[in-house]
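The values are calculated or read from the model by the stated rules, or taken from the named source; none is laboratory data. The shown structure was predicted, so the numbers you read here are calculated from the model rather than taken from an experiment. So basically every Cβ, Gly included, is an ideal-geometry build from the backbone, and we count neighbours across all protein chains shown.
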Protein chains: 2
Amino acid sequence: MKRIVFILSVFLSCHVFAAVRMPELKWSVSYSADKQLSQGKEIPAIVPGAVQLDIARAENYPPYVFNDNYKQYGWMEDMYYTYKTQFKKPVLSSSERLYFVSKGIDYQFEIYLNGEKLFYQEGMFTYVNLDLTDKLQPDNSLQILIYPVPKKQKTPVDRSQAAHVVKPAVSYGWDWHPRLVPLGIWDDTYLEKRNVSHIDDVFVKYVLSDKFDKANIELAIEGRNLDDCSFSWTLKNKEGKNVLRRQGKLSEHSLLEGIEFRNPELWWSYDHGTPYLYTSVFELKDKKGKSIQKITEKIGFRRVRLVMNEGAWDEPEDFPKGRSVPPAQLELNGRKIFAKGTNWVNPEIFPGIITRERYNELIDLAVEANFNMFRIWGGGIVNKESFFELCDEKGILVWEEFPLSCNLYPDEPHYLSILKQEATSIVKRLRKHPCLAMWCGGNELFNNWSLMTDQSLPLRLLNSICLEYDPLVPYNPTSPLYGMAHGCYIFKYFDGREVFEAMNNAHNTAYTEFGMPGISPMEVLKQIIPENQLFPPKPNTAWQEHHAFGAWAGDTWLCPDILNEYFGQATSLEELIAQSQLMQSEGYKAIYEEARRQKPYCSMALNWCYNEPWPAAVNNSLLVYPAIAKPAFYAVSNSCRPFCTSARLSKFVWNEGEEFFAEIWLLNDKYEKICPGKLRIKLQAGNETIEILTWDTPTTEKNTNLAGPTARFKLPKWTVDRFKLILEVDENPEYNSEYTLLYRPKPEPKEKGTAILNMNN
Amino acid sequence: MKRIVFILSVFLSCHVFAAVRMPELKWSVSYSADKQLSQGKEIPAIVPGAVQLDIARAENYPPYVFNDNYKQYGWMEDMYYTYKTQFKKPVLSSSERLYFVSKGIDYQFEIYLNGEKLFYQEGMFTYVNLDLTDKLQPDNSLQILIYPVPKKQKTPVDRSQAAHVVKPAVSYGWDWHPRLVPLGIWDDTYLEKRNVSHIDDVFVKYVLSDKFDKANIELAIEGRNLDDCSFSWTLKNKEGKNVLRRQGKLSEHSLLEGIEFRNPELWWSYDHGTPYLYTSVFELKDKKGKSIQKITEKIGFRRVRLVMNEGAWDEPEDFPKGRSVPPAQLELNGRKIFAKGTNWVNPEIFPGIITRERYNELIDLAVEANFNMFRIWGGGIVNKESFFELCDEKGILVWEEFPLSCNLYPDEPHYLSILKQEATSIVKRLRKHPCLAMWCGGNELFNNWSLMTDQSLPLRLLNSICLEYDPLVPYNPTSPLYGMAHGCYIFKYFDGREVFEAMNNAHNTAYTEFGMPGISPMEVLKQIIPENQLFPPKPNTAWQEHHAFGAWAGDTWLCPDILNEYFGQATSLEELIAQSQLMQSEGYKAIYEEARRQKPYCSMALNWCYNEPWPAAVNNSLLVYPAIAKPAFYAVSNSCRPFCTSARLSKFVWNEGEEFFAEIWLLNDKYEKICPGKLRIKLQAGNETIEILTWDTPTTEKNTNLAGPTARFKLPKWTVDRFKLILEVDENPEYNSEYTLLYRPKPEPKEKGTAILNMNN
């Protein structure tokens, strides 16, 4: 989009468009241990980017993804950086001003023009709009002084160092993210000529009627020197046809109310309809009626709510009685929809290099995974505009968290003032996107590893800001809430419960994080682990740097004990990868499908996590950096089909002679009926396939699951170590499902005497 | 207070005090079925009061407390009322203005001067300050047109009719409140001369340092025409000595910052220290330095927080894992205190007649009950100033709810705008009182009889208003929350559990409502029930009108089935009253003491309810209208002693031959150690007293309970139907406790054959 706007403004007359982007700036960067505009060596800087990447490029650092190379970047945290660019004063008419614009500078910085300090900001999410005009000289030097990485304390060197700033905590180190803390200019940054009268923001605010047949629109305009200006506003449909038009006089901070739009096409997530987008064209005119600025934006009409989960009002039952759970059922345009999705993390360690194309491939894969929602996890950044534009276009719902995660963010006035500034900027930017389905204060803040509570002022403040600027979109203080859950994260728990048991006994309105680790593919491992360390994986090697050991509880994320218990010692890396990836696939299937089976009480299943910012050796992610699908990706995609067959399993390992059983289900999230059919339940061991049950399935009603019969079969003697449960639908193979399970033959009988002794125990 | 200010201003020169209250106004009231300034008969009105009381007085209505007389007032709901008063224009200098002031007009009204409409307001909690000066004539007629009772719908005729207004829902009918909906002028209302330059509000805002050795003070001043004015501000201690003084220039909405006050005496609840109050004297001076207004207010320095309950961060344990509970542990000036208290309801059906004296007697009784907290239940009014002044003085903490209760208050713009106006007025008024310990959105809003959720805009708005105007005092959206509980309310549940079992198995951070019904004393019953209906109590008589039948679930509040089961059919009203009052006493003791025993995880015990607005026949209240203590009052007062002995019982009825047992405890909420002693545990049946255990109690640490031995005793054959468990402390009888229990002799042996048969079962 950005590029297109730029081209347009070159082709069209400057008289028509006030906002004219100047030619791209060339930047350098230098650093200094002290707080000063650096006198050091100037190296070329790529903007947007990060100072670390510029230094690495200039000084030939080895790639940070390999082994423990990222540690070589550690010293860069504590430097001051000076970005510098030079430009000639452009020709400006008396009604023109020159602005310096940046959509993101990370994190604390000062801006100097020709040596004079013009601006200071703490906060990377508030755009800079700086009028340079009165300070311009024929030749200009613009410098940006970036402060070192903010740290609440020197030690411990971990995420708690970020507990006082509105900067993503993840880069301070996480169980799947190395310690690498970006600094620098991280989003579009340029000079722009603007008319002295100009618009800063057009917000098309609307309220849909209860029947969705009317949108009551207000235009909230922010700008400068608008007193004598007039405007025209046009709403165009997808075909470019004008469907609504208003014009009139303007004044500053004008709110143009009472615009009624009948029968709007609604914006839907792609799985429930069309993500219909209109185009809003706002034209600013001077007192002579001459057009001086045109702002073109996509808008979508939708109503999103969190409503009570079915059955949840009936709980709790007995006195003494507490409250009912908070609602977690997403309702889009009056339709209750099951949110199947995933937790999105920064797709790059350095967000400055994230492009629209990177977003695009990841979002396209989410559609392939049958996901309709991203939870934008609060440990990471608030994404760039192109992310939301793409979610708008492709019809993916976004649960947006503020940058608070797993820390005790304080009730202190300074932090609260920066949070207010940043959150206000974030909400005013993102509220325009129909994909925005939910605001959330941050990640896991009401647990004992964070220690925030309902009384924490940062979360009360965020609630208040969301209420002020986007009152019709839900706000939650954190995830999990009462009745929601995070976990499972491993296949078998420390207390011996397998994922099947843990999930089948859980009772939650939403599973908003759950993980299952899987090793990355061989070709990725070879890019990150020295060859001599590849097999067997050991602690304190590149495996550990890439999160295989010592990452989370126990020996995560490799979980060698669990793999050993199920499969015995692997004899090659290929074998180990296959074991781990199988566990990941089967584990994720168990969780997603059980969450779906718990519908309608349960209404959400979002796994941890979708992607990763660098190639981990083992991670819960479905995608390996940059966007390589693990086998679990396809398994999950199947489990999330709008309609599919499903088996409710109780465990992973089955023994010879034991009665195998599985509850058979039909899962339907579609708002349409599924016709009757014939479902064959089979067991496959090696070449042998046995049909153990045939179910003549009835009609499955819209958005309804159907619990079918339990298939049972006494397991014979097989010579395999695993077998498959296969659900096959005659004539509709797209509904088929299958599950891989482990098989244990009866142990050879022990010596007789011992056996008898055992029997007497 | 008010009266004193008035006298002062008469004695002192008008030049010195701008705000001079004019002589009391004489009011009349008339009514009309239509919306018009009524032409009907004018009857004398008492202001403050209620239109219903004026009509009843003028037209000789029988007392509404008797039988079903209150129903005769029903027609008054739907009338328009016109209050009228006449006054001569007072002498006004060029710098003087005449204001009409009212602290409360219920609920929707218009104000007319000499037939011209000057003002309209919806909302009974926002003071009216109306400058009449420019409209005055030599002789003036002031009229107030009161709208009928607001009703969301015609039927059902119940509290849901109040679901769209900021008017207490209780008067629309409750299980302990008749349907009688007040209308009219309900708080102080007068004419006042003010200088054209005057102060409307002085807010002494402060933040205490972490060590409580410093208060950083700001004065937030609101007023009119202050541009050329100056001020002096003095803080005086209890002895009247100036401890702080500031003076300087003023401007409108001025905020005088950076005033440091060292070593403030802190305000404490009476049970933990002295409720120390300073006096703030703010003097406004004109440009010549002449004093034109003096505002004198009490202020107290305290910090109040809700912090996490001990042990609550360790929950939940397993994955999938939700959040930890919200904090319910009150911390006053850094000290964790156990909140023992009660739910306060309107002390009158017509709040207009509540006086400082009524508040005073009720608050004094709360101190006698060893209560340190009132929960001001959201079904009722926000109390008048004198209530909070008295709580400040006497050191009782106040949990203040907004007027929302058991309804689905809507997300509609009109309701939200009135709620915003009213809540802002309420918070700006009450935040000045050190007794204010907690804000709460309202009562039981997150349960299925209300259907509000965390997403409800009214509750998000209240959070936002409290954050803006009183950020350092906790805010909760409702009660109960997750981890807190309402109930028990009856001695034996429908599922057979007795209060002992229900409480002993409960696990909550706070019991913020629990009830136990008890019949009112005979002399009260005779005032409300016709003599021929007194015994036996029957449904559809005056007993039912006074909440004995059909009030809440089952046959509440009389609970004849439960009484019958325990005591058999009562043969007289005296006997029935005694049975009911015994159950109430023993039930309340069980709950308060078990809640205390669950400390430190549990931190609050507030019973439902303290007082009542009219004499009920049976109610959970400890006090009968107006302020008559039931036996349960004294029982509860004992259970709430800062230090006492306590027995954990498992049931109410014990059988001959059974092994009686009771866990013996020492409960200490004091922040001081209690010395070792000798505790004798005795059973008393008739004249016989048996010592069943002696416990040499060790030192009880401050704010710590001590679980002692379990006393056991095989119950012999007695000829009584009840017995007492007595805990006696040698030399400290003030720590003694006792419990009355029921005794059942062994049934006479049945025919031999049957007995043998039973044994074989």
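Numbers below:
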item	result
B:Tyr409 vs. criteria among the aromatic types (Phe, Trp, Tyr), surrounded by 24 or more Cβ atoms within 10 Å (Cβ to Cβ) and assigned to a strand (DSSP E or B)	no
The stretch B:651-676 residues that are in a strand (DSSP E or B), paired with ones that are of a type in the set (Asp, Glu) (beta carbon under 8 Å, 6 or more apart)	B:Trp665/B:Glu593; B:Leu667/B:Glu593; B:Asn668/B:Glu701
Segments classed as helices (runs of 4 or more DSSP H), wholly inside the stretch A:444-538, with at least 3 members that are farther than 26 Å from A:Gly587 by Cα and either of a type outside the set (S, T, N, Q) or within 9 Å of chain B (Cβ to nearest Cβ) (or both)	A:457-469
Exclusive hit being assigned by TED's automatic domain parsing to the domain that holds A:Phe387 and either buried (at least 24 other Cβ atoms within 10 Å of the Cβ) or within 30 Å of A:Ala215 (Cα to Cα) (or both), set A:Asn448, A:Asn505, A:Asn463	A:Asn463
Conditions (1) buried (at least 22 other Cβ atoms within 10 Å of the Cβ); (2) assigned to a loop (DSSP other than H, G, I, E, B): number failed by A:Ile681	(2)
The lone exception for B:Asp318 - which of (1) assigned to a loop (DSSP other than H, G, I, E, B); (2) buried (at least 18 other Cβ atoms within 10 Å of the Cβ) it fails	(2)
Yes/no for A:Ala542 being outside the structural domain of A:Arg375 (by TED's automatic domain parsing) and of a type outside the set (Asp, Glu)	no
The stretch B:580-607: number of residues that are in a loop (DSSP other than H, G, I, E, B) and surrounded by fewer than 24 Cβ atoms within 10 Å (Cβ to Cβ)	4
Residue in the stretch A:542-555 that is touching a residue at least 60 places away in the same chain (Cβ under 8 Å) and on the phi > 0 side of the Ramachandran plot present	yes
Where A:Thr155 falls short, out of the listed (1) buried (at least 17 other Cβ atoms within 10 Å of the Cβ); (2) over 28 Å from A:Asn195 (Cα atoms)	(1)
Boolean, A:Ile418 is at pLDDT 95 or above and within 11 Å of chain B (Cβ to nearest Cβ)	no
Residue match in the stretch B:59-69 (condition: aliphatic (A, V, I, L, M), in the same structural domain as B:Lys117 (by TED's automatic domain parsing), modelled with pLDDT of 95 or more and not in a helix (DSSP H, G or I))	yes
Hits in the stretch A:105-134 - residues which are within 23 Å of A:Asn195 (Cα to Cα) and surrounded by 21 or more Cβ atoms within 10 Å (Cβ to Cβ)	A:Ile111, A:Thr126
Among the residues listed as B:Val398, B:Val367, the single one being under 22 Å from B:Thr274 (Cβ atoms) and part of a helix (DSSP H, G or I)	B:Val367
Candidate set from the stretch A:298-315 (those that are among the hydrophobic types (A, V, I, L, M, F, W, C) and in a strand (DSSP E or B)); member that is nearest to the other protein chains (Cβ to nearest Cβ)	A:Leu306
Given (1) assigned to a helix (DSSP H, G or I); (2) over 22 Å from B:His272 (Cα atoms); (3) in contact with a Leu (Cβ under 9 Å, 6 or more places away or on another chain), index of the condition B:Val382 fails	(1)
Of all residues making up the stretch A:192-231, the number that are of a type in the set (A, V, I, L, M, F, W, C), more than 30 Å from A:Arg305 (Cα to Cα) and touching a Phe, Trp or Tyr at 6+ places or on another chain (Cβ under 6 Å)	0
So A:Thr342, is it away from chain B (no Cβ under 14 Å), in a strand (DSSP E or B) and touching a helix residue (DSSP H, G or I) at 6+ places or on another chain (Cβ under 9 Å)	yes
Residue within the stretch A:189-209 that is without any contact (Cβ under 8 Å) to a residue 12 or more places away in the chain and either touching a helix residue (DSSP H, G or I) at 6+ places or on another chain (Cβ under 9 Å) or under 30 Å from A:Asp669 (Cα atoms) (or both) present	yes
Residue that is surrounded by the most Cβ atoms within 10 Å (Cβ to Cβ), among those in the stretch A:372-404 that are of a type in the set (Asp, Glu) and over 16 Å from A:Ser425 (Cα atoms)	A:Asp392
Count of residues meeting criterion [touching a residue at least 60 places away in the same chain (Cβ under 8 Å) and either closer than 25 Å to A:Thr453 by Cβ or touching a Leu at 6+ places or on another chain (Cβ under 6 Å) (or both)] in the stretch B:281-322	14
Number of positions in the stretch B:341-359 that are of a type outside the set (Gly, Ala, Ser) and either under 13 Å from the mean Cα position of the chain (by Cα) or on the phi > 0 side of the Ramachandran plot (or both)	8
